[in-house]
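First up is the structure itself, then whatever we jot down about it.
The values are calculated or read from the model by the stated rules, or taken from the named source; none is laboratory data. The shown structure was predicted, so the numbers you read here are calculated from the model rather than taken from an experiment. Neighbour counts run over all protein chains shown; Cβ positions are idealised from the backbone, glycine included.
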Amino acid sequence: MEMKSLFEPRGIAVIGASANPEKIGYRIVENVVRSGYQGGVYPINPKGGEILGLRAYPNVVEVGETIDVAVLAVPASRVLDAVDDCGAAGVHHVVIITSGFSEVGNLEDEREIVRRARAHGMRVLGPNIFGIYSAAASLDATFGPGGISPGPVAIVTQSGALGIAMIGKTATESVGLSALVSVGNKADVDEADLLEVLSADERTRAILMYVEGVKNGDRLQKTLARVTRTKPVVVIKSGRSKRGSMAAASHTGSLAGADEVFDAVMRQSGVLRAESVQEAFTWVRYLAETPLPPGDQAVIVTNGGGIGVLATDACEKYEVTLYDDQEVLEETFAGVMPDFGSSKNPVDLTGQATAEDYARSLGAVLAEDRMDAAIALYCETALFDTSRFADLLRDVYARYRGRKPIVFSLFGGERIEAVIRELKGEGIPVFGDVYEAVSALGALYRVHRRMLEPVEPAEPLELPIDGIREVFDGARADGRTFLLAPEAAQVAGLLGLDMPRSIVARNLDEAVRAADEIGYPVVMKVVSKDIVHKSDSGGVALDLVNEVEVVDAYQAILRSCRAHVPDAVIDGIEVVEMVRPGVETIVGARQDPSFGPVVMIGLGGIYVEVMKDVAFRAAPVDRSAAREMIADLRSYPLLLGVRGESRKDIDAIADVVVRLSHLIAQCREITDIEVNPLVAYDHGQGTRTVDMRILIQRPEGVS
Ligand code: ACO
């Protein structure tokens, strides 16, 4: 079913409409009528009669007119029947206000609603929502406070209470809405469906999403990545502090907290994540009202040195570039600023500047093609005529509007506060806090950069998936959900990862021969499915340099493992080439409960254990995304080479990230895969996979 008629219905029924003003069914009819909706409005109530002057029908089937949307505000026990009635009446969308479904564990009825709706070709918004507002149809079908002003911002919210509170906030913040959609339990229609509609909607110039939990994250990520190329999307997500619920089966698992993955995937998709509702409002309003800058060179104009420095700090934080060609700056401001001012950026007009100096300097920024945006700071001084100040800013803004971005930040007493309130109400980007002002400009620059990013066609990567699956089948036939070292090595080989040579020895003689063949030094490891923690059980010996050490190690490993895990079946001892040292990294991938396949890179050792210095992306990633992930690491300089160390083979690390990301995306039966450590050598010398662990799902029907 097409989604447009949800936003522009030809007729709307409210099932559970009531003449009692205390009831939700009354509020919805009242809002629909008051919002100026021009289509047919049909209250449905078993008693019939009239509600708010409209004829009420006992059943939606009796209306006999075109109804695209039916809002259901009947108790949970009546919802299924009402859905069937809507189907019979030819409704396209059921908007279910009613609570009492999956949010309280009643998943069964919620699924049944969707099943029945789909059988009638209908889509379901909700349940457990406060409704929908659509400026395209002048339709407020919510039970909110009413009085929503139309405008360029669309809000999609999972939280009902916060969504209703946002209606009030849009009024105080002078934010006009193109749409406000409550998604609640997302039984059917979800954010991805709505983003598709809103991205095509000409009224909508910026989208704000409030997310509590992600469903179908895979699809959401792909939709966001597409939408953000043409429209800004700002997201607020609650539950920042919560860790992923999946058991920590690997480093990737323990580090891939739900919030870390969400954050990484949002950045990857070009979405701006706001820290607070206030920040989100600041950004969407500015993004919706301001054209993209012609370039990224901003100039700060101030009458106070201190706030100029604060603004400079804020520019660094929010990645706003400051124009720094000194000669051009001097030329530009020579005739328009006091002699004792400074034309360095921040351009400091000093406390003696008059309103005229201020206006002239901002005019100079506007006129200079090499300067792309202005940050105008003002501290209240006695020399300024504050009564004319609002007019001055209005005038400056009117000249900038549509040509270059500008933000104003004003400091002062009650009179200045009044100016801020007054101009904010008119939609002029005036802020009391310099960080807030610069953050808005920073958001605009991020959106701009996102839109300029080249769209790289996905690089297909052929992997020998059939061969890899055969290895998994072998493990499953043996009742395992993890691969033994030789099996993992086989997969690594198929993936094209460079693993050290390894031979499994069944007795002491074979071990000595294997070490000779591989060449010293070697490592020895126990092979047993019953011994998971090999090192802890004394099952590993490193850096064995001759035959005597190999013989000693063989006996010591067997002795120690038998003591630690007496019943363990030991299949042999693996003799492995000892890998020469380099920089240890860790590359992992897993199925994230929200977003599906994700890939991770981190530096090994303490960087990953203590610093949690890792980067995630939704998988698969291409080479450039893999390189970006590596560059995102705080410890990246160690790979670039510090203190005379040479640069490491970053391309070779990126190659492993790409391969693992494609494997996890193509083989959904892998739950976790981790190469740890992946040792990286100097540029051009590649990487070695020292150890690889793979966990797979249980076969169907086995618990
Ligand atoms: N068809 C049409 N009308 C019906 C039907 C039916 N099959 N069955 C009952 N009705 C009528 C009732 O007679 C009543 O009208 P009346 O006032 O003339 O008698 C009206 O529908 C409402 O029914 P009530 O039984 O009075 O139910 P009530 O209004 O108390 O509650 C509601 C219904 C609001 C849907 C409730 O069940 C509910 O789920 N409340 C929570 C809603 C919510 O919070 N949603 C999430 C929003 S987001 C947030 O968190 C803020």
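Miscellaneous remarks
- When restricted to residues that are touching a Ser or Thr at 6+ places or on another chain (Cβ under 6 Å) and either of a type in the set (Phe, Trp, Tyr) or away from the ligand (no atom under 12 Å from the Cβ) (or both), region 56-90 contains 1.
- Residue list for region 459-513, restricted to those being part of a helix (DSSP H, G or I), among the small types (Gly, Ala, Ser) and within 24 Å of Asp530 (Cα to Cα): Gly474, Ala475, Ala477, Ala485, Ala488, Ala489, Ala492, Ala511
- Residue check for Pro9: within 11 Å of the ligand (Cβ to nearest atom), of a type outside the set (A, V, I, L, M) and modelled with pLDDT of 95 or more: no
- Residue list for region 664-676, restricted to those being touching a strand residue (DSSP E or B) at 6+ places or on another chain (Cβ under 7 Å), closer than 14 Å to Leu495 by Cα and either in a helix (DSSP H, G or I) or hydroxyl-bearing (Ser, Thr, Tyr) (or both): Ile664, Ala665
- Taken together, the residues in region 1-44 that are of a type in the set (Val, Ile, Thr), touching a Pro at 6+ places or on another chain (Cβ under 9 Å) and not in a helix (DSSP H, G or I) amount to 3.
- Hits in region 32-48 (condition: closer than 18 Å to Val94 by Cα and either within 14 Å of the ligand (Cβ to nearest atom) or among the charged types (D, E, K, R) (or both)): Tyr42, Pro43, Ile44, Asn45
- Residue selected from region 278-295 under the condition surrounded by fewer than 24 Cβ atoms within 10 Å (Cβ to Cβ) and among the charged types (D, E, K, R), by the criterion farthest from Gly168 (Cα to Cα): Glu289
- Subset tally (residues that are within 14 Å of Ala505 (Cα to Cα) and among the aliphatic types (A, V, I, L, M)) for region 541-581: 9
So that you can scan it fast, the table gives a plain yes or no per residue for (1) touching a helix residue (DSSP H, G or I) at 6+ places or on another chain (Cβ under 8 Å); (2) under 30 Å from Glu645 (Cβ atoms); (3) at pLDDT below 95:
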site	(1), (2), (3)
Val527	yes, no, yes
Arg562	no, no, yes
Ile570	yes, no, yes
Glu584	no, yes, yes
Val587	yes, yes, no
Gln591	yes, no, yes
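- Close pairs from region 157-168: first within 16 Å of Pro127 (Cβ to Cβ), partner modelled with pLDDT under 90, Cβ under 7 Å, at least 6 apart: Gln158/Glu212; Ser159/Glu212
- Lone qualifier among Val642, Val598, Val679 - being farther than 27 Å from Ser502 by Cβ and part of a strand (DSSP E or B): Val598
- Residue check for Gly163: out of contact with any Cys (no Cβ under 6 Å at 6 or more places or on another chain), within 23 Å of Val234 (Cβ to Cβ) and not in a loop (DSSP other than H, G, I, E, B): yes
- Test: residue in region 121-132 that is buried (at least 18 other Cβ atoms within 10 Å of the Cβ), touching a Pro at 6+ places or on another chain (Cβ under 9 Å) and assigned to a loop (DSSP other than H, G, I, E, B): no
- Odd one out for Arg659, checked against (1) in a helix (DSSP H, G or I); (2) surrounded by 23 or more Cβ atoms within 10 Å (Cβ to Cβ); (3) in contact with a helix residue (DSSP H, G or I) (Cβ under 6 Å, 6 or more places away or on another chain); (4) of a type outside the set (Gly, Ala, Ser): (2)
- The criterion of at least 3 residues that are under 25 Å from Ala398 (Cα atoms) is met, among helices (runs of 4 or more DSSP H) falling completely within region 248-362, by 277-289, 305-317, 326-333.
- First in region 16-31 and of a type in the set (Lys, Arg), second anywhere and within 10 Å of the ligand (Cβ to nearest atom), Cβ under 6 Å, 6 or more apart: Arg27/Phe143
- Qualifying residue in region 193-205 (condition: touching a residue at least 40 places away in the same chain (Cβ under 8 Å) and under 12 Å from the mean Cα position of the chain (by Cα)): no
- Meets criteria (in contact (Cβ under 8 Å) with a residue 12 or more places away in the chain, under 26 Å from Leu287 (Cβ atoms), surrounded by fewer than 24 Cβ atoms within 10 Å (Cβ to Cβ) and more than 15 Å from the ligand (Cβ to nearest atom)) for Gly147: yes
Yes/no per residue for (1) among the aromatic types (Phe, Trp, Tyr); (2) modelled with pLDDT of 95 or more; (3) more than 24 Å from Arg205 (Cα to Cα); (4) within 13 Å of the ligand (Cβ to nearest atom):
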position: Asp140; (1), (2), (3), (4): no, yes, no, no
position: Val153; (1), (2), (3), (4): no, yes, no, no
position: Ile164; (1), (2), (3), (4): no, no, no, yes
position: Thr172; (1), (2), (3), (4): no, no, no, no
position: Ala179; (1), (2), (3), (4): no, yes, no, no
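- Residues considered: Ile96, Ile24, Ile51, Ile113. Of these, the only one that is over 36 Å from the mean Cα position of the chain (by Cα) and either buried (at least 22 other Cβ atoms within 10 Å of the Cβ) or among the hydrophobic types (A, V, I, L, M, F, W, C) (or both) is Ile51.
- Listed conditions (1) more than 10 Å from the ligand (Cβ to nearest atom); (2) under 26 Å from Gly160 (Cα atoms) are all met by Ile51, apart from (1).
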